[in-house]
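All remarks here apply to the structure that follows.
The values are calculated or read from the model by the stated rules, or taken from the named source; none is laboratory data. Bear in mind that the values here come from a model prediction, so they are computed numbers and not experimental data. Note that we place each Cβ from the backbone using ideal geometry, even for glycine, and neighbour counts take in every protein chain shown.
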Amino acid sequence: MSYELPAQFAQFGEARKNGFLRVKNIKENGGRVAGTFCTFTPQEILDAAGVSPVSLCGMSEETIPAAEAHLPKNLCPLIKSSYGFAVSDKCPYTYFSDIIVGETTCDGKKKMYELLGEMKDVYLLHLPQGDREHALEQWTQEVQRFREFLEKKFGEAIPDESIRDAARARNKERSCRRRLMELQKLQPPASTGYAVYKALEGAGFYFDVEEVCKELTRLADGLEADYAAGKRPVSADAKRILITGCPIGGVLEKTVKAIEAAGGVVVCFENCSGIKATLDDVDADAPDIVQAVAEKYLKIGCAVMTPDSRRLALLEKLVDEYKVDGVVEIDLQACTAYTVESTTVRRKMESLGMPYMAIETDYSLSDSGQLATRLEAFLEML
Amino acid sequence: MVGIGIDIGSSCAKAAVTEDGNVLLTEQMPTGWSSKDTAEALRQKLCAAGFDPAQLPCIATGYGRVVVPYARKAVTEITCHAKGAQKLFGKDVLDILDIGGQDTKVICLRGGSVKDFLMNDKCSAGTGRFLEVMANTLGMDPSSMIALAAKGNDAGISSMCTVFAESEVISLIGKGEPKENIACAVVASIARKIASQASRLREPGVPAVLTGGLCEASYLKDALGKELGTAVESCPDARFAGAIGAALLAEKRQKA
């Protein structure tokens, strides 16, 4: 079937247009699209149901005024931006999502999903709150319930074997992502952190796991070959920074770019688009594949959990593995979970003798100057 | 060895010349609307005094550090203030409170280098701008407002936000509250804000100093000291801490 485009798409930039055409193409060929917001979304279940997951996390302040008609000002910019894209029909992925999958991560998102549910078909996965003994059992049930929901919605059974195949494909994608990230362990690293981040982020918009693997492998091969040929895109003096905290797609320029412009280099992204979501694989041959999927996702450390011991343990491991000189936590304004947890992270870093700085920012550019000074001063301090 | 430091702040531009670690000269002027013109005016002053930045090692700092064409290097005000304060107060372990025109910084100097620092976000609460706006509402300049505050009793301003606090001040004026009590409330409010910012980094027993344009406002030092529970020291040259630090770094860079 063919789809009509809402009039406002005409004014969009090329990049967004291409994304739009890609997703339009999928829909016209009978494909299904699921909008997602979080690394906890069990992609394998969506893949097995023949649904392509795509991240709907808003990264621009452009739609925030539209969102503020319904949402409070003092709310995380990611939530406002995402909701704004949905109400203003400005995001092709939101527009074409057959379903939107949310999780009970933070309070702001939970309540936003209720409003979003009035416009779109929203399915909410209930996350357990930490690592109690029954957390895995609870989360396995949620994943199973989600599977049944999709079976009913699309009128097709999702066989175990399809989930296993999806797990194998996603494991491969994760290993390709890890390989690219691990090139930053080199001293000096193989690339700027900015370029690595852009590649990891862009990989989320291919809608084809095989193609993603190919692209990421091509990129890593190229970087490796250049490095072997003696190319050093980053100075050996550059201070090695690890980024932790909230999703940073919307603040990349004034944070990561600023760090690298001031003579630092981001060698490791611990946060959402980075390592924490790709570190663990699904055991595709486990007796209970749904539980195996659930297990993988439950291993993600995130401030929405209490206690969040996994994040702290991962940070400790990464600062050592990546030979990090300093840790920068980037939190989005009004993100209660991360801004409160930053005290715990600061203490942990102090105990490791690791310099640490936390910044809280939003999608506007008004604090760019001050952020640049703070980041530059942090690098001078190392 | 001679070094020149230029500190282009948001409201005041400073220059300092040091030789072998001693301050030879300091200059200041309002930054005005063009940091570039101000940097040029400082250059001329320095040349007139016999220190040509083109011939001598020169480091620029402050938010206008990138518009000083004759500086060989730009270093952030955090590093420069720490270096300058270390020299001015003769201590390697210090907590430096710098109240600038648009930023307030808390810098922890440990063993002679910056161990940690905090800076306010884009909000003007707790900065020199806050005092300027409040003083303006009271029809005074910040220094005389702080001096008047010493004679008053805290009339109570609860908002940290510059815009909301201004409305509080206006309503206190409307109620006929004596001016000195309002001034006292303004100073108490900024002292609380800065002390709470500092408390995230403070360690017991570490001396605290005040740098920036308000270094001679003795009642502000008293109010900060009261909130921090320790005496806050300062000196007239502390307004030049950034420029002096930059000059010292320029000297050191030349030697290296």
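Listed values, structure above:
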item: B:Phe130 being crowded, with 17+ Cβ neighbours inside 10 Å and within 14 Å of chain A (Cβ to nearest Cβ); result: no
item: Residue in the stretch B:79-104 that is nearest to the chain's Cα centre (by Cα), counting only those that are within 11 Å of another protein chain (Cβ to nearest Cβ) and modelled with pLDDT of 95 or more; result: B:His81
item: Number of positions in the stretch A:365-382 that are more than 7 Å from chain B (Cβ to nearest Cβ), closer than 14 Å to A:Leu332 by Cα and part of a loop (DSSP other than H, G, I, E, B); result: 1
item: Residue within the stretch B:174-197 that is closer than 18 Å to B:Gly126 by Cβ and assigned to a loop (DSSP other than H, G, I, E, B) present; result: no
item: Residue that is closer than 20 Å to A:Val101 by Cα, assigned to a loop (DSSP other than H, G, I, E, B) and among the polar types (S, T, N, Q), where the choices are A:Gln129, A:Gln144; result: A:Gln129
item: Among the candidates A:Ile163, A:Ile100, residue that is touching a Leu at 6+ places or on another chain (Cβ under 9 Å) and either under 27 Å from A:Cys335 (Cβ atoms) or surrounded by 15 or more Cβ atoms within 10 Å (Cβ to Cβ) (or both); result: A:Ile100
item: Matching option when the condition is over 18 Å from B:Cys12 (Cβ atoms) and away from chain A (no Cβ under 12 Å), among B:Arg72, B:Arg43; result: B:Arg72
item: Test for A:Asp107: is it assigned by TED's automatic domain parsing to the domain that holds A:Glu44 and closer than 17 Å to A:Thr39 by Cα; result: yes
item: Close pairs (7 angstrom Cβ cut-off, 6 or more residues apart or separate chains): closer than 17 Å to B:Ser124 by Cβ in the stretch B:140-163, in a loop (DSSP other than H, G, I, E, B) and among the hydroxyl-bearing types (Ser, Thr, Tyr) anywhere; result: B:Thr162/B:Ser124
item: B:Leu109 surrounded by fewer than 24 Cβ atoms within 10 Å (Cβ to Cβ) and either at pLDDT 95 or above or within 14 Å of chain A (Cβ to nearest Cβ) (or both); result: no
item: The one condition in (1) without any contact (Cβ under 8 Å) to a residue 60 or more places away in the chain; (2) at negative phi; (3) away from chain A (no Cβ under 12 Å) that B:Val114 fails to fulfil; result: (3)
item: Any hit, the stretch A:223-239, residues being among the aliphatic types (A, V, I, L, M) and under 30 Å from A:Pro92 (Cβ atoms); result: no
